[in-house]
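Beneath this line is the structure, given in structure tokens, with notes to follow.
Please treat every number below as a calculation from the coordinates, not as lab data. Small disclaimer: the values here were computed from a predicted structure and weren't measured. Cβ sites come from the backbone with ideal geometry, for glycine too, and all protein chains shown count toward neighbours.
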Amino acid sequence: MLPFKSVRGEFAAKLLPAIAALVFVFSYVVYSLIKHSIYEEVRAEMHKAAQEVLSEAQEQQEGVRIEAPYGCQAQLISIEIDLDTKEDRSGAYFEQERIGTNHLKHLYYPYDYSSGHYLKVTRNITSSVALLERIRNIILFLNLLAIIFIPLFSYLYSALLARPVRNLSHELASMNEQSLSPVNQRRLPQEFRPLAHTLNTLLRRLQGHIGYQRELFIGIAHELKTPLAVIKAKNDVTLLKERTPEKYQEVLRHTNKVIDEMNKMTGTILEIGRAGYAQFDPPEPVNISEFLRRKVADFQLLAHEQGRVLKGEIAPESLMMKTQPTLISHILQNLVGNAIKFTPEGKQITLRARLLDRQLIVEVIDEGRGLDQGVDIFAPFVGKGEHKGAGLGLYLAKSAAEALGGSLSLQNRIDTQGTIATLLLEYTPPGKKD
């Protein structure tokens, strides 16, 4: 027994008894049909022989043997027979007996029911029995060969099942982060195409993740290098000559300010790491309506403290959904935080949710200044508007939305000034398997 599970081994193990049973049943049916056919032919010939000699036999005395066609012998006899159990459609019945090495078949053909007289037709069927024995022995020999070759056939045939998996594995193994090409579904059997579709979806997500990570690392290096260069340049200038204590204090205050900015950026980078780990949390059943209402209550307190009004419009009343609430919280905190930051004091922010065509649509609508045209708002380290930070919030929110299998988009309002941030998630009922 192998210490690991093998699809090929399980397939062969299930195929072996199925083929063996099929061979044995087929052999039994074939032998039964041959036997029935041979005996039916014998019975038909004996019936014909009885009918041909019947008129001649009635003129003979009982017990006198009469030569009959088809190698039969006939004689008249008187016998009592239980007709309910032995007669066929013609009123006759057959018996078979063995005398030494000979097999005899007898036909009792009635010609006078009232007197109990029958015409007994006897035929030696030893050759037919011997033929049937040879056929049976041949079938048994073939079954024995089948028992030997069926396991080998099952194992070799099961290789056909493993071939698409090997091809798919080889294609995936030859990939690296520079060549994440999609799997060719047309070359795979129909049963493996859903797997290929899932892998292609994963590869697209990996490509996006790798691209964002590459851009992120470059941005981190650039953003950290710039303040370090400023600190060094400032210190070099300060060390060129003696300065008053006030000047040194000014330089130190500026240095501390730059260090605070670096600490803030470092905290954001740590947030990226936590968000990355959250992507691997297993989905769990969540009443998304109740979850969003709790978030609205939390955000209303935050908005009130900063002089804004936050309104919630959550529908339906109750909706169970299989998702990752940690990632949704991360997205909403960023979107609502940006809305509060860019919305003037006294203005309104709306958090709206609804289910449409098996998609959960969550919108954060503000009355701020709107988006600047021609700016990639999801690019890392790009400040937005007059409240510039590290520029990683929307980048992280978009990554979290993609990890949920959804999308995040922002657009300017057309009814008034402001922005609409839209999170689209596929609705997955709790009972559905991933």
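Run through region 301-356 and list the GluC sites (Glu not before Pro) located in a DSSP loop whose Cβ has at most 11 other Cβ atoms within 10 Å.
Filter output for region 301-356: Glu317, Glu345.
Exceeding 31 Å between C-alpha atoms, which entries from my cross-link table qualify? They are Lys295/Lys347; Lys225/Lys322; Lys247/Lys341; Lys225/Lys398; Lys232/Lys398; Lys257/Lys341.
Lys225/Lys322; Lys247/Lys341; Lys232/Lys398, as the Cα separations exceed 31 Å there.
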